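Enquirer: Just dropping this structure here.
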Amino acid sequence: MSLYERTISFVLNYIEEKKLEEGAKLPTEPELVAMAGVSMVTVRRALAELAAQGVIRREQGRGTFLNRSRVSAETTRLGGLRNGLGLDSSSSLETRLLGLERRDASAEESSRLAIAKAASVWEISRLRLLNGRPMIHEVSVIPMILAPDLGAHLESDPQRSLYATLDAVYGLREIREEQSLVCRRANRLDKKLLGLPKGDWVVQISGISFSARHLPIDSFRIVFDAKGFAFRLSTAPASAMAAVELADS
């Protein structure tokens, strides 16, 4: 292990041993040089790497501070957002229903959802709060013909899982998704909803959910505060997916 890697481990062990919480100030660079027994160049390189990973943040003239821990997010896990988040028993996930609109589908949505041009859809906008902090903005567009009274179900219980409702009430069980993932600068809406400073990054996942009969049921867009998550991807062989589809058909 190189000096640079050992210094990163030293800082991480220090954070764990001292049980530092979010916002705690770390020792200064000269203090870390003395504590770790390495050069200033090595300390600065280690801190730069930890800052790039989102573990710490460095504020000019103020020092180095501990960021919140990243939440593990498996984007390819089906069955709703909660299923894909690595939350422990002490973590809370709250949903705020920002908007529930009945409108005509755009030309792009009609194509993606395989519905008639300008067919009626539900647009559902939700803000997800992890331990009270706004971290995720999710927008779903669902054909009204598939779930005609979906709005009433969600308004009566905003915390209710959208995908659990589609499955239990309408028999629309999601078994496959097609996704695209991009990392981009936060726009004005992201900054407002997620409380992000200017210049911060978000991860946006867009895609389509499909039922067991290959029916498109949801066109979605999910925006994550990039510094708050560590993303994991998993895949399955085509033969395994075929077996799942046969079992659910």
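The values are calculated or read from the model by the stated rules, or taken from the named source; none is laboratory data. Keep in mind that this is a model prediction, so the values were computed, not measured. Reconstructed Cβ throughout: ideal geometry from the backbone, glycine too, with neighbour counts over all protein chains shown.
Enquirer: How do the pairs read when you match residues in region 3-15 that are part of a helix (DSSP H, G or I) and at pLDDT 90 or above with residues anywhere that are surrounded by 17 or more Cβ atoms within 10 Å (Cβ to Cβ) and of a type in the set (Ser, Thr, Tyr), using Cβ under 8 Å and keeping only pairs 6 or more apart or on different chains?
Expert: So the pair list comes out as LEU3/THR42; THR7/THR42.
Enquirer: Which of the residues belonging to region 106-132 are closer than 22 Å to LEU189 by Cβ and in contact (Cβ under 8 Å) with a residue 60 or more places away in the chain?
Expert: GLU109, ARG112, LEU127, LEU130
Enquirer: How many of the residues making up region 165-201 are under 24 Å from TRP122 (Cβ atoms) and surrounded by 14 or more Cβ atoms within 10 Å (Cβ to Cβ)?
Expert: Of the residues in region 165-201, the ones under 24 Å from TRP122 (Cβ atoms) are 165-180, 187, 189-190, 192-194.
Filter again for surrounded by 14 or more Cβ atoms within 10 Å (Cβ to Cβ), leaving 165-167, 170, 172-177, 179, 190, 193-194.
Number of matching residues: 14.
Enquirer: Mind listing whichever residues of region 25-39 are in a loop (DSSP other than H, G, I, E, B) and either among the hydrophobic types (A, V, I, L, M, F, W, C) or under 12 Å from THR64 (Cα atoms) (or both)? Spell out the reasoning first.
Expert: We begin by selecting, within region 25-39, every residue in a loop (DSSP other than H, G, I, E, B); these are 26-28, 37-39.
LEU26, PRO27, THR28, VAL38, listed by residue number.
Enquirer: Could you please let me know if MET135 is in the same structural domain as GLU108 (by TED's automatic domain parsing), in contact with a strand residue (DSSP E or B) (Cβ under 7 Å, 6 or more places away or on another chain) and more than 23 Å from GLU74 (Cβ to Cβ)?
Expert: no
Enquirer: Give the residues of region 69-108 that are modelled with pLDDT of 70 or more, of a type in the set (A, V, I, L, M, F, W, C) and in contact with a strand residue (DSSP E or B) (Cβ under 7 Å, 6 or more places away or on another chain), sorted by residue number.
Expert: VAL71, ALA73, LEU85, LEU93, LEU97, LEU98, LEU100, ALA105
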